[in-house]
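A.B. asks: Before I ask anything, here is the structure I am working with.
The values are calculated or read from the model by the stated rules, or taken from the named source; none is laboratory data. Small disclaimer: the values here were computed from a predicted structure and weren't measured. We place every Cβ from the backbone using ideal geometry, glycine too, and count neighbours over all the protein chains shown. Note: areas computed on protein heavy atoms with side chains; ligands, DNA, RNA excluded. Shrake-Rupley method; radii C 1.70, N 1.55, O 1.52, S 1.80 Å.
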Amino acid sequence: MADAAPILEAKGLHAAYGPVRVLHGIDFVVNTGGVTALLGANGAGKTTTLRAICGMVRSTGDLMFDGRRINNLPTEAIAAMRVGHVPDGRGTFMELTVEENLRLGGYTRRDSIEPDLERMFGYFPKLKDRFRQQAGTLSGGEQQMLAIARALMIKPRLLLLDEPSFGLAPLIVREIFGIMKQIIATERTSILLVEQNASLALTVADMAYLLETGKIVMSGSAEEIRRDESVRRSYLGY
Amino acid sequence: MEGVLHQIISGIATGSIYASISLALVMIFLATHHINFAQGEMAMFSTYIALTLIQAGVPYWGAFVLTLVFSFVGGLVMQRTLLEPLARAPVLASVGAFLGLLLIFNNIAGWLFTYTLQPFPTPFGTGAPILGGMLSRHELGSTAVTLVVLTAVWAFFRYTKLGLALRGAAYNPVSSRLVGVPVARMLALGWGLAAAIGAIAGMMVAPIVFLDPNMMGGVLLYAFAGALLGGITSPLGAVVGGVLMGVIENIAGAYVVGTELKLTTALVIIVVVLVVKPTGLFGKALASRV
Ligand SMILES: Nc1ncnc2c1ncn2[C@@H]1O[C@H](COP(=O)(O)OP(=O)(O)O)[C@@H](O)[C@H]1O
Ligand SMILES: [Mg+2]
């Protein structure tokens with residue numbers, strides 16, 4: 001599982017939209033080959049954290065990716081370092097076909113992406129059936145699968161997932177998380193998973209952080225977080 | 001009956017030139033949601049460059065290619081220097097800026113090349129008309145050139161990685177950046193392409209209407225009407241709409257309103273489309289971006 005050096009480390013990370021300060025100095029790590037969950041209620045700053053990593057919002061403090069400081073680099077430069085991002089709202093290229101969405105996912109690649117297209121169909125057979133269809137016609141669940149597959153096409157060293165369960169029926173969520181477990185087991189990637197649905201995220205994560213209004217209020221192994229009494233009451237609902 | 005056929009065929013010939021400008025307008029619109037009202041004047045300016053090269057002794061097709069290169073680079077540089085700051089400007093500010101650009105190009109051309117009408121050569125010869133006298137050699141040649149260009153542009157967008165990246169950047173810049181597409185560079189490339197396509201239209205229309213700084217005024221109006229008619233969000237629609245405008249112009253000029261008033265048909269089409277079906281024949285309502 002997790003090797004010695006973390007692939008991503010945030011130290012005293014601040015982020016703001018102009019004058020609106022959202023992150024107030026947070027620390028977290030994503031271990032190489034590990035799955036870190038970033039949990040928190042709506043508006044806590046989870047999406048902003050992912051945006052800071054990808055240079056979509058200005059940040060101060062340190063964001064170290066593979067030992068290199070990456071704060072405020074252009075978004076396309078972060079992608080070129082093979083950071084895959086499944087964004088908030090899924091980011092589907094609605095007007096393009098499923099195939100074109102996946103090919104764009106492989107834009108930074110110099111090698112052939114054909115074998116990876118096939119691999120994606122292995123994970124998501126539904127996408128194969130809709131290969132030539134306009135992505136805007138896909139259901140929400142299918143668009144989420146497409147977003148994950150698109151991000152995997154970059155052959156990510158780090159995969160950022162922003163609420164892959166959001167707005168989907170429980171059955172579809174279970175299907176997607178089933179596939180994600182398969183992906184975690186097969187792909188050599190590290191994952192930062194953002195979720196409001198804590199119990200779900202904790203089934204796949206090995207580390208977890210709890211974010212409340214821009215501050216980390218708890219951290220630990222997924223196991224510890226799951227057992228914590230207050231987390232249980234406020235976030236897990238049992 | 002043969003008269004009508006003649007009007008239709010020669011309408012398709014001029015319409016294909018409008019179609020190029022319509023396509024250039026749609027390309028820029030898809031990427032920026034702005035109409036580049038200076039597209040016609042940029043084409044006119046490019047045509048003067050071609051004329052200058054030809055008068056300096058460069059053979060026609062050499063001048064043609066050099067003009068495309070010049071226009072491509074010019075469009076690219078214009079986007080990077082003048083238009084990037086406009087990307088986030090309010091609509092009215094950008095309309096003002098594009099109209100300003102139109103006047104600037106027009107005035108600089110007038111100042112450099114004077115407002116005198118100048119003949120512009122055709123590479124297709126001036127021999128007897130063909131198709132039973134219905135189509136001049138230039139009309140046939142320019143239609144063929146336009147067809148080749150439009151096909152090449154379509155193939156570029158449809159089959160190349162760069163073409164796909166350009167489309168992605170136009171439709172969804174945020175997601176494009178997340179997969180590593182340098183969106184700003186794609187926008188500049190789009191401007192360069194649009195300018196080059198416009199230049200071809202300018203060089204093809206100049207032998208018919210003669211070259212002067214106001215040459216593209218009417219063409220831009222027809223092309224804009226064609227782009228709206230086909231659907232401002234649809235490149236295919238732009239081409240179809242542009243060709244249709246050529247035919248409509250001819251039919252209206254010959255049988256309905258007369259040649260003096262035929263420019264008004266373009267205005268009528270613009271108004272009717274905007275009122276009845278703003279998305280045009282092939283266009284879609286713009287998907288809102290989250
Ligand atoms: N583009 C923006 N401009 C200004 N404030 C924003 C913007 N996006 C989010 N915010 C604010 O930042 C805070 C955190 O938002 P976000 O990171 O989206 O939370 P989460 O993803 O945890 O629900 C919220 O208070 C939200 O209103
Ligand atoms: Mg969010």
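A.B. asks: Per residue in region A:88-135, which ones lose no less than 40 Å² of accessible surface when going from chain alone to all protein chains (1.4 Å probe)?
C.D. replies: Residues losing area: A:Phe93, A:Glu95, A:Leu96, A:Glu100, A:Leu104, A:Tyr107.
A.B. asks: Can you bin region B:20-225 into rounded, prolate or oblate? Criterion: square roots of the alpha carbon gyration tensor eigenvalues sorted a ≥ b ≥ c, rounded for a/c under 1.5, prolate for a/b above b/c, oblate for the rest.
C.D. replies: prolate
A.B. asks: Here's something else I'd like to know. Add -39500 (n - 2.57) for each DSSP H run of 4 or more in chain A, then divide by its residues: what number comes out at 222 nm, to the nearest 500 deg cm²/dmol?
C.D. replies: Mean residue ellipticity, 222 nm, calculated: -9000 deg cm²/dmol.
A.B. asks: Over the residues of region B:1-130, compute the C-alpha Rg and express it relative to 2.2 N^0.38 Å.
C.D. replies: Values: Rg = 17.5 Å, N = 130, 2.2 N^0.38 = 14.0 Å.
Against the empirical 2.2 N^0.38 Å value, I get 1.25 for region B:1-130.
A.B. asks: If you find the alpha carbon centre of region B:152-166 and of region B:207-276, how far apart are they in angstrom?
C.D. replies: About 27 Å separates the Cα centre of region B:152-166 from the one of region B:207-276.
A.B. asks: Taking the solvent-accessible surface of protein heavy atoms with a 1.4 Å probe, what is the per residue accessible area of chain A in Å²?
C.D. replies: Value returned for chain A: 43 Å² of accessible area per residue.
A.B. asks: Now a separate question. If you count, for every residue in B:178-189, the Cβ atoms of partner chains within 10 Å of its Cβ, what is the mean? Could the numbers behind the result be given before it?
C.D. replies: Numbers: counts 19, 19, 18, 6, 7, 3, 2, 1, 0, 0, 0, 0.
That average works out to 6.
A.B. asks: Right, next: Give me the number: length gained by fully extending B:Leu274 to B:Leu236, i.e. 0.36 nm times residue separation minus the C-alpha to C-alpha distance, one decimal in nm.
C.D. replies: So the extension gain works out to 11.8 nm.
A.B. asks: Helix hunt in chain B: which complete DSSP H runs extend at least 27 Å axially by C-alpha with mean Kyte-Doolittle at least 1.0?
C.D. replies: B:2-32, B:91-113, B:183-209
A.B. asks: State the percentage of accessible surface on the protein assembly as shown attributable to carbon and sulfur atoms; use a 1.4 Å probe and exclude ligands, DNA and RNA.
C.D. replies: Carbon with sulfur: 64 percent of the solvent-accessible area.
A.B. asks: What pairs in A:Lys11/A:Lys46; A:Lys46/A:Lys155; A:Lys181/A:Lys215 have C-alpha atoms more than 21 Å from each other?
C.D. replies: Where the Cα-Cα span goes over 21 Å, the pairs concerned are A:Lys46/A:Lys155; A:Lys181/A:Lys215.
A.B. asks: Divide, for region A:1-101, the radius of gyration over alpha carbons by 2.2 N^0.38 Å, where N is the residue count.
C.D. replies: 1.14
A.B. asks: Which value, in debye to the nearest 20, gives the size of the charge dipole of region A:162-207 about its Cα centre, when Lys and Arg are +1 and Asp and Glu are -1 at the Cβ? Present the calculation step by step, with values, prior to reporting the outcome.
C.D. replies: Working: 3 positive and 6 negative charges, 32 e Å.
The dipole of region A:162-207 has a size of about 160 debye.
A.B. asks: Points 7 angstrom from Cα along the Cβ direction at B:Ile104 and A:Asp62: gap in nanometres?
C.D. replies: Going from the B:Ile104 label point to the A:Asp62 one covers 4.7 nm.
A.B. asks: Given the C-alpha centroids of region B:3-53 and region A:87-108, what is the distance between them in whole angstrom?
C.D. replies: So the two Cα centres are separated by 32 Å.
A.B. asks: Could you tell me which residue out of A:Leu23, A:Gln133, B:Leu99 lies farthest along the dipole of the protein assembly as shown toward its positive end? Charges go on the beta carbon: Lys and Arg +1, Asp and Glu -1, centred on the Cα centre.
C.D. replies: Farthest towards the positive end: A:Leu23.
A.B. asks: To continue, here is another question. Counting only heavy atoms of protein chains, what accessible area per residue, in Å², does chain B have with a probe of 1.4 Å?
C.D. replies: Each residue of chain B exposes 44 Å² on average to a 1.4 Å probe.
A.B. asks: For the protein assembly as shown, take the alpha-carbon Rg, divide it by the Kirkwood Rh, and send me Rg/Rh.
C.D. replies: My calculation puts Rg/Rh at 1.08.
A.B. asks: Here's another thing I want to ask about it. Extension gain B:Thr160-B:Val209, at 0.36 nm per residue separation less the Cα-Cα distance, in nm?
C.D. replies: Residue separation times 0.36 nm, minus the Cα-Cα distance, leaves 14.0 nm.
A.B. asks: Oh, and also: About its Cα centre, how strong a charge dipole does the protein assembly as shown have in debye, to the nearest 20, once Lys and Arg get +1 and Asp and Glu get -1 at the Cβ?
C.D. replies: 540 debye
A.B. asks: Something else about it: Which distance in nm do the two modelled labels at A:Lys181 and B:Thr81 give, with both placed 7 Å along the Cα-to-Cβ direction?
C.D. replies: 6.1 nm
A.B. asks: Taking only DSSP H segments of four or more residues, each worth -39500 (n - 2.57), what value at 222 nm results for chain B once the sum is divided by all its residues, to the nearest 500 deg cm²/dmol?
C.D. replies: Mean residue ellipticity, 222 nm, calculated: -24000 deg cm²/dmol.
A.B. asks: Total accessible area buried between chains B and A, 1.4 Å probe, in Å² to the nearest 100?
C.D. replies: 1900 Å²
A.B. asks: Follow-up. Roughly speaking, what is the centre-to-centre gap between region A:34-80 and region A:112-138 when only Cα atoms are used, to the nearest Å?
C.D. replies: 28 Å
A.B. asks: Looking only at Cα atoms, what is the convex hull volume of chain A per residue, in Å³?
C.D. replies: 120 Å³
A.B. asks: For chain B, set up a Gaussian network in which alpha carbons nearer than 10 Å are linked by springs, and say which option among B:Leu211, B:Leu102, B:Leu86 fluctuates the most.
C.D. replies: Checking each option, the largest mean-square fluctuation is seen for B:Leu86.
A.B. asks: Oh, and also: Which order do B:Glu2, B:Glu41 take when ranked by solvent-accessible area (1.4 Å probe, heavy atoms of all protein chains), largest first?
C.D. replies: Most to least solvent-accessible, the answer reads B:Glu2, B:Glu41.
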